[in-house]
Amino acid sequence: MGDVAGIVWLVGAGPGDPKLLTLRGRECIERAEVVVYDRLVSPALLQYASQDAELIYVGKAVGREAMTQVEINALLRQFSLRGKKVCRLKGGDPFVFGRGGEEAEVLADVGVPFEIVPGVTSVTAAPAGAGIPVTDRRIASSFAAVTGHGMDDTDKVQWDALATAVDTIVVLMGVENLSKIAAAIMDGGRSPDTPAAVVHWGATPRQKTLAGTLSTIAEKVHSVGLNAPAVFVVGDVVNLRAKLQWIEEKPLFGTRVLVTRAESQAEDLAGKLEAVGAEAVRLPLIKTVPPENPKPLDEAVGRACCGGC
Ligand code: SAH
């Protein structure tokens with residue numbers, strides 16, 4: 001231990017469905033001695049970590065503040081400088097609104113090797129989950145991904161310029177500011193009738209989609225109370241959803257099923273349930289073990305044998 005330089009794998013965990021992790025991402029979790037993970041990362045991915053790996057949660061928890069970026073950077077630096085193999089697991093893609101660039105920079109500064117393992121980003125995966133392709137040869141030949149986080153003086157997005165510059169606009173971190181964002185896009189010259197949708201927990205069994213127009217969407221979302229994580233999609237492509245929606249059409253969509261089978265059998269059933277849209281919660285309550293006293297069983301088997309032959 002500590003004889004070779006450590007490494008940090010900055011791994012994209014995908015939009016929330018554990019099966020949307022890349023093969024390389026899984027390999028990194030398996031090899032890591034330390035896994036540092038965020039709030040939007042599916043806890044199911046931690047099953048790939050080795051028994052001895054240290055698992056460190058750095059997201060926001062109830063009653064506790066999230067670890068600051070400075071603290072996270074320090075953590076990555078310390079472990080890797082001690083020679084550890086660290087998997088930094090981040091939601092979606094690590095280089096899309098994930099501060100992955102800042103973390104990699106800290107490692108570059110101290111000469112720690114790192115690798116970027118891209119992930120399936122919610123920018124495209126959440127709309128896709130709702131049946132909305134961000135481009136379509138017939139109606140959309142461009143899209144932009146922007147943050148809706150800072151709709152105040154600190155806002156760096158040029159909504160005016162953006163509004164009509166691309167066909168599809170995908171806004172992340174925007175649900176809280178939805179009415180301001182929609183207004184900014186309309187002020188920029190986009191018609192109030194432009195189709196718009198909000199996709200909450202897209203590409204997962206918990207997905208919820210609301211569709212409307214730029215002028216109606218904020219009110220709709222407000223009345224239903226959809227919150228983060230969600231993407232806001234603006235553009236004619238939203239209309240394709242009427243025909244292409246698929247996750248929310250699955251027969252068991254919207255149900256949560258507790259799989260209590262023994263661990264060795266649970267995966268098979270859970271997989272089948274997930275394929276038809278259910279959220280399968282694995283909670284093995286049954287275990288097959290040899291009897292403490294084998295005598296009655298031996299006798300029964302013995303009797304059955306004798307009776308048969
Ligand atoms: N790096 C991530 C984005 C991190 S910012 C990525 O590439 O996806 C966090 C924001 O991502 C959330 O506020 C939300 O806008 C969006 N997001 C992440 N997962 C999502 C999901 N499953 N459905 C909808 N939005 C999601």
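Read-outs: derived from the displayed coordinates by stated rules, not from any lab. Since this is a predicted model, take the numbers as computed values, not measurements. Positions of Cβ are generated from backbone atoms using ideal geometry, with glycine treated the same way; all protein chains shown enter the neighbour counts.
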Calculate the radius of gyration of the Cα atoms of the chain to one decimal place, then report Dmax, the largest Cα-Cα distance, as a whole number, both in Å. 24.2, 89
Tell me, which longest segment in the chain has none of the GluC sites (Glu not before Pro) that fall in DSSP loops with at most 14 further Cβ atoms within 10 Å? 66-291
Using DSSP to define loop residues, name the chymotrypsin sites (Phe, Trp or Tyr not before Pro) in segment 91-198 whose beta-carbon has at most 13 other beta-carbon atoms within 10 Å. none
For segment 153-264, one quarter of the surface area of the C-alpha convex hull, expressed in nm², comes to 9.4
Per-residue ellipticity at 222 nm for the chain, helices alone: DSSP H runs ≥ 4 residues times -39500 (n - 2.57), over residue total, nearest 500 deg cm²/dmol? -9000 deg cm²/dmol
If all Cα-Cα distances of segment 230-271 are sorted into 10 Å bins from 0 onward, what percent lands in each bin, rounded to whole numbers? 21, 31, 24, 18, 6
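Remind me, relative contact order of segment 12-86 in percent, using alpha carbon pairs under 8 angstrom and six or more residues apart?
30
What relative contact order, as a whole-number percentage, does the chain give when Cα pairs under 8 Å and 6 or more residues apart are counted? It would help to have the intermediate numbers written out before the result.
Working: 631 pairs, mean separation 48.1, N = 309.
So the answer I get is 16 percent.
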Determine the relative contact order of segment 206-309: mean sequence separation of Cα pairs under 8 Å and six or more apart, normalised by residue count, in whole percent. 21
Regarding segment 1-130, what whole-number volume in Å³ per residue does the convex hull of its Cα atoms give? 104
Here are some pairs, K19/K272; K220/K250; K180/K220; K60/K156; K19/K84; which of them have Cα atoms lying more than 21 Å apart in this structure? K220/K250; K60/K156; K19/K84
